[in-house]
Amino acid sequence: MPTAFITGVNSFLGATLARQLLDDGWQVRGLIRPGSNDILLQETPGITRVIGDLLQPATWRDALSGCDALFHVAASFTHDPDLIPLMKKVNIEGTRFILQAAADANIPHILHTSTIGTIGQPQDGSLATEETPFNLPHPSAYVLSKRAGEQVARDLAAQGAPVIIVHPTAMLGPGDWRPTASGRIVLAFLHDRPLRYISGGINWTPVQDVARGMILALEKGQPGRRYILGHARGNLTEIEFRTFMARASGRPAPKPREARWKQQLRRLLKTTPPPQPQRHTGTSPQRLTCDPSRAITELGMPQSDLLTAARQEIAWFQKTGMW
C-alpha cells in the first residue's frame with residue numbers, strides 16, 4: 001500500500017483529501033499541530049497522526065521518511081499585523097522545510113498547494129489561466145507569502161525535484177470548520193449579513209473535486225507545471241451567487257439594493273463604534289474568476305454538481321450549529 005504524508009490534514013481540504021486517499025487504498029500520515037481542532041479527523045479513522053509543527057522539522061522528519069507522496073496543504077492565513085510575521089514563516093520557511101525534506105528523502109511525488117489568489121487577472125476581462133502573470137498592484141501579506149512559498153516550489157522543480165503546484169479556487173462542501181474565506185461568504189448569506197464579495201466574480205468548485213484533482217495531479221501532472229483546480233461553470237458574480245445560494249438553501253435571495261438597505265438599517269440601530277486603526281494593508285483582486293481547462297483536460301479533474309456541494313455544506317453548517 002502506498003503511503004502519503006499530508007500537512008494540514010485536519011483542514012477543510014486536507015481532511016477531504018485524506019478520506020479520498022484512504023478510499024483509494026493509501027495509507028495516510030497527517031501532520032497536525034498540538035491542540036489543533038481535530039473535528040474532521042474524528043470522523044476519519046485510519047489516519048496516522050503526526051503531532052508536530054511545520055517550522056520544527058525534527059517533529060515530523062522521521063514520519064516523512066519512506067512515504068511515496070507528499071501533499072503540502074498546510075498554510076497560515078491572517079490579516080492581523082501582530083500575526084503576519086508568523087504567517088510569513090509558516091507559508092515561506094515552513095514550505096521550504098517540508099518540500100526540501102521531501103526532495104532530500106527522494107519522495108517520488110511532491111505536490112504544493114498554492115491558491116487562485118497568486119494567479120494574475122487579464123486586463124481585458126478574459127478568464128485567467130495558469131499563464132496569466134501576477135498583476136495585483138498592492139497584494140496582501142497573505143498573497144505575498146503564498147507567492148513566495150510557491151516560488152520555493154518552482155525553484156525546487158527547476159532543480160529537478162518532482163514538484164507539482166495546484167491552485168484551488170473557492171471551495172464548497174462539508175467540513176469547513178474554521179471557516180475559510182469562502183465558507184464565511186456562504187455563512188454571511190445564510191445569516192443575512194453583508195457579503196464581502198469580490199466585484200468581478202469568484203470561481204467556486206466542490207472541495208471533493210479539488211481533492212481528486214490533487215490526486216490526479218500527482219498521477220498525471222508534469223513536475224514544475226501549475227494547475228488551477230476550479231469548475232468550468234463556477235464563475236459567479238455576486239448576484240449569481242445569491243441566486244445560486246437561495247436555490248441551495250431555500251432562503252430568498254435579497255436584491256443587492258435591499259441588502260444595502262438592511263445594512264444601513266443595522267448601522268442606525270447600533271451604537272457607532274469609535275474609529276479603529278487600520279489593521280491590515282493590501283488590496284483585494286477585482287476578480288477571482290478563471291479558466292480551469294488545463295486541469296480538466298490534462299488531469300481529468302471531475303466537475304461535480306455545484307448545487308449538491310452547496311447543499312452538503314449548508315447541511316454540515318446546520319449539523320454543527322454554525323447555521
Residues that are touching a Gly at 6+ places or on another chain (Cβ under 9 Å), more than 17 Å from residue 292 (Cβ to Cβ) and assigned to a loop (DSSP other than H, G, I, E, B), drawn from segment 108-125: 125
Can you name the condition, by its number, that residue 55 falls short on among (1) closer than 21 Å to residue 92 by Cβ; (2) at pLDDT below 95? (2)
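May I ask you to verify whether residue 85 is farther than 28 Å from residue 162 by Cα and in a loop (DSSP other than H, G, I, E, B)?
Working: farther than 28 Å from residue 162 by Cα: yes; in a loop (DSSP other than H, G, I, E, B): no.
So residue 85 does not fit the description; no.
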Pick from segment 1-14 the residues that are crowded, with 24+ Cβ neighbours inside 10 Å and among the hydroxyl-bearing types (Ser, Thr, Tyr): which of them is farthest from residue 69 (Cα to Cα)? 11
May I ask you to list pairs of residues, at least six apart or on different chains, whose Cβ atoms are under 6 Å apart, with the first in segment 19-39 being in contact (Cβ under 8 Å) with a residue 24 or more places away in the chain and the second being among the hydroxyl-bearing types (Ser, Thr, Tyr) and not in a loop (DSSP other than H, G, I, E, B)? 27/3; 29/48; 31/7
Scan segment 264-283 and tell me whether some residue there is at pLDDT 65 or above and assigned to a loop (DSSP other than H, G, I, E, B). yes
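Does segment 208-225 contain any residue that is touching a Cys at 6+ places or on another chain (Cβ under 9 Å) and touching a residue at least 12 places away in the same chain (Cβ under 8 Å)?
Checking segment 208-225: not a single residue is touching a Cys at 6+ places or on another chain (Cβ under 9 Å) and touching a residue at least 12 places away in the same chain (Cβ under 8 Å).
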The one condition residue 78 fails out of (1) within 21 Å of residue 316 (Cβ to Cβ); (2) of a type outside the set (A, V, I, L, M); (3) touching a residue at least 12 places away in the same chain (Cβ under 8 Å); (4) out of contact with any strand residue (DSSP E or B) (no Cβ under 7 Å at 6 or more places or on another chain) is (1)
Within segment 15-29, can you find the residues that are within 17 Å of the chain's Cα centre (by Cα) and either surrounded by fewer than 24 Cβ atoms within 10 Å (Cβ to Cβ) or in a strand (DSSP E or B) (or both)? 19, 20
Taking segment 134-176 only, how many residues are of a type in the set (D, E, K, R) and under 13 Å from the mean Cα position of the chain (by Cα)? 2
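The values are calculated or read from the model by the stated rules, or taken from the named source; none is laboratory data. Small disclaimer: the values here were computed from a predicted structure and weren't measured. Cβ sites come from the backbone with ideal geometry, for glycine too, and all protein chains shown count toward neighbours.
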